[in-house]
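The values are calculated or read from the model by the stated rules, or taken from the named source; none is laboratory data. Not measured: the values here are computed from a predicted model. Here the Cβ positions follow ideal geometry from the backbone for every residue, glycine too, while neighbour counts run over all protein chains shown. What goes into the accessible areas is simple: the full protein's heavy atoms, side chains included, and nothing from ligands, DNA or RNA. Shrake-Rupley method; radii C 1.70, N 1.55, O 1.52, S 1.80 Å.
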Amino acid sequence: MSDLYKFLIIGIICLNLDAIRSDNPCVFVDTCERCLEADFSCAWCTDKLYRFRSRCLNRTQLLEHGCRAEHIYENEPEFYTLTDVPLKDYDMGTDSSVQVKPQRVYLKLVKSHSERIKLSYRPASNNPLDLYVLMDLTWTMKDDRETLVKLGYELATTLKNLTSNYRLGFGSFADKQEMPMITPELKMNPCAKAGQVCEPTYGFRHHLHLTEDAKRFVKSVKESKITGNLDNLEGGLDALMQVLVCSQEIGWKKEARKVVILVTDGFMHFAGDGLLAGITRKNDKKCHLSADGEYLGSLIYDYPSLEEIYRELMKRKISVIFAVTEDVVPTYRELSGLMKEMSQVEILSEDSSNILELIEKSYDRFIKRTQFSDNSPDFIKIEYKTDCGGQFPTLRKRNYCNDVELGKTVEFYIDVTLTDYPKDGIYTHKIRIDESALNEYMEIEVEIQKPCTCSEELDVNDENGRFQCNNNGFMHCGMCQCDAAWTGTSCTCPTDPTNATTTEAIENFCRRPYDLSKPDDLGPVCSNRGTCECGHCFCFPGFEGTFCECPECDVDCDLRKADCICGQCVCKYGWSGNRCNCEDSLDGCIGPTGEICSDRGYCECGECVCDEPYVGKFCEIGSETENKICTFYEACVTCLIEENTKTGKCGNVSEICGKAEKLEKFTTVFVKDELDIENRCLARVENEYGIPCDHYFTYQMVAHMENYLLIQVNVCEPLNYMAVIGFVSLATFFLGLLLICIIWGCIRAKDKREYARFMADQENSYMEHSPIYRDPIGRFVVPKAVNRKQSNPFL
């Protein structure tokens, strides 16, 4: 086939598709699978009677160009809910609660398209609680055990305040009964050195199955016995692993929130420490408790690793509280940080007297936190978004929330995306979205839309199909299946039988390697910007290059000043800028100080581009009080002002100003008018009386004179002190007079109000008629007999 013929074909293709090419991502895609991946809206036509060149368009366009509806294969995602039981609190009758909805959904996924599911979570009130107290009973914890005995009934009351549906269990631990964890001669009485008798060392002992009976819990703690070990490390992880994996022996309830509180004042042994005692077998994460609750694998299996503990906590949905003394808190916080979803660290007092408070506080944190995880395969991507019930103004990408109150519903939006087809050919999967601490989950039944399944019968002799494939092949499912000697999208490329050339091999000539060091890692055909015909790319309008990898050069790229390399203007020597239209000259960026953009930016097209937060023609202004040009000219301007005001303090003006003039020619003008705020500088000069006076000056480049600076100075007028004293005296007199008038007016007004009130009281007086009124004037009447005697002195 001649090159002219090839170009003719491509020209006809472009003319036919020009009307729909510009905003359609589907056009020119040549296989069904690539078509559906190009965009969610793309569809593929398998109709043999279809005559339009591009079989990949959106559904509406395919129907408009004559493709029959039953022959259109397109992306068809589906989503519907299978089980959606309403949220409810714990019900004693049914022994259940519903904290997550929906419970089951169905998804049909198409590649590269996301489906969103809304998951609702609400913590249930009165939810069952299983609390297992795992206590270090080595010698230093003797007081703590006694405290727990005293607080046993109070613990039951505390738990009852949290939930009426609780159960308690108890276990204790020490360490492995082997050197160097213990001293052999003290094996039967490890407390002998302290002059005490105690229990022989044991690894872990399960004392009490989870029960609602608080009396049994107190009795179990009281009957437990103190033991001891040699080193200051304990076998807490050994014990914790048994508590996690021995579900039946411990009595964990599936529906309950499961919590272990590990109480200790020491550090822990980790995986590998068992080698010190000659124990080499890796912890098998299985239950090894005897009928009496004794751990039988202590001398057989090594301590578990933190990773193994974390996986078991997640798998069995058990949370752990490390209640430890203050001196070991930093170590346990680091440990908890590695499994923060399932653990917390609380500071235990020396005698464990605050254990009730710790349990209450930790439980409150656990129930207020929710976190979701999933078991999705590698080819299905799951993202979580939530505003945590209004805690954030917008959705945030996170799978957890804190401080979720009881009864408050939190919504998670889960985006599920198929990133690739499964390599094992299994197209149905079940994914669980699990709440990390509860037996609550949402199950997603996923069906993956298979890549371009076609049920069309194969007809190699169909004339219409062979015509569309240039009689060098036949049409099947909308794609040409070429004869042995031909290949290409339309079977237009002859092959070399000796080399067994295939369509894929020819297409590879049109694929650009992602990495030149890995030639087999190839990109899309013609960079998805053209068509491949016989191993050559014919680019769509607007693109160029061997693999159509480059956009065409911008029309504004001046080829006299730049070279166009893969759609970008690469400036020739002496030119710069986005369009290479700027000469490489720094003249316009060099300020009076002689620096390029004051060393606070860079020069582009003869203008300064300033770094943050600097501004100004030369980036000289840094803040309201900091200006490099002001600082540069301040000494000279100060000297000129002193000379102008004849204070005689400057000295040699020519010498001081000559340093500045070497870098920039300037002239100075003294003005009386107020200067503009822009570029205004301050020069503080003492007048002839020794009093500082603020002078302002501005600077500006004179446009019509190269390298010439104009400085305008606003001279501060000296103060008229007599006028100031007179003004202050008059102001003081009038203010004093005004104050006296105000006080006199207030007194007059007050007197007037008091007098009016007095008159009103007189008018309304009732004292003359009051029965308890007593006349202030005393009146006495002399008897008549006495009066006569006093009047006749001779009687």
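The simple Förster model, with R0 at 51 Å and r as the Cβ-Cβ distance, assigns Glu326 and Gln103 a FRET efficiency of 0.70.
When Met722, Met179, Met475 are compared by accessible area of protein heavy atoms, the largest-first order is Met722, Met179, Met475, using a 1.4 Å probe. Shape class for the range 188-261: oblate, because the ratio a/c of the largest to smallest gyration tensor axis (alpha-carbon atoms, square roots of eigenvalues) is 1.5 or more and b/c is at least a/b.
Here the extension length gained between Ser290 and Asp558 equals 87.7 nm, from 0.36 nm per residue of separation less the Cα-Cα distance. For the pair Lys150 and Asp213, the difference between a 0.36 nm per residue extended length and the Cα-Cα distance amounts to 21.1 nm.
In this structure the range 278-435 gives 49 Å² per residue of accessible area when probed at 1.4 Å with all protein chains present.
Heavy-atom accessible area for Cys532, with the other protein chains in place and a 1.4 Å probe, reaches approximately 10 Å². When only alpha carbons are used to place a centre, the range 163-199 and the range 301-351 end up 20 Å from one another.
Note on Arg68: accessible area is roughly 100 Å² with a 1.4 Å probe, heavy atoms of protein only. Fully extending the segment from Val782 to Lys518, taken as 0.36 nm per residue of separation minus the present Cα-Cα distance, adds 80.6 nm. Of all accessible surface on the range 264-306 at a 1.4 Å probe, what whole percent is carbon and sulfur? Roughly 55 percent, rounded to a whole number. Accessible surface area normalised per residue over the range 90-220 is 40 Å², counting heavy atoms of protein chains with a 1.4 Å rolling probe.
Remark: for residue pairs Lys160/Lys222; Lys285/Lys408; Lys193/Lys340; Lys215/Lys258; Lys225/Lys258; Lys215/Lys253, the C-alpha separation exceeds 28 Å in Lys285/Lys408; Lys193/Lys340. For the range 66-156, give the percent of accessible area contributed by carbon and sulfur heavy atoms, probe 1.4 Å, rounded to a whole number. Carbon and sulfur: 48 percent of the exposed surface of the range 66-156.
Solvent exposure of Phe758, expressed as accessible area, is near 110 Å², computed with a probe of 1.4 Å over the protein chains only.
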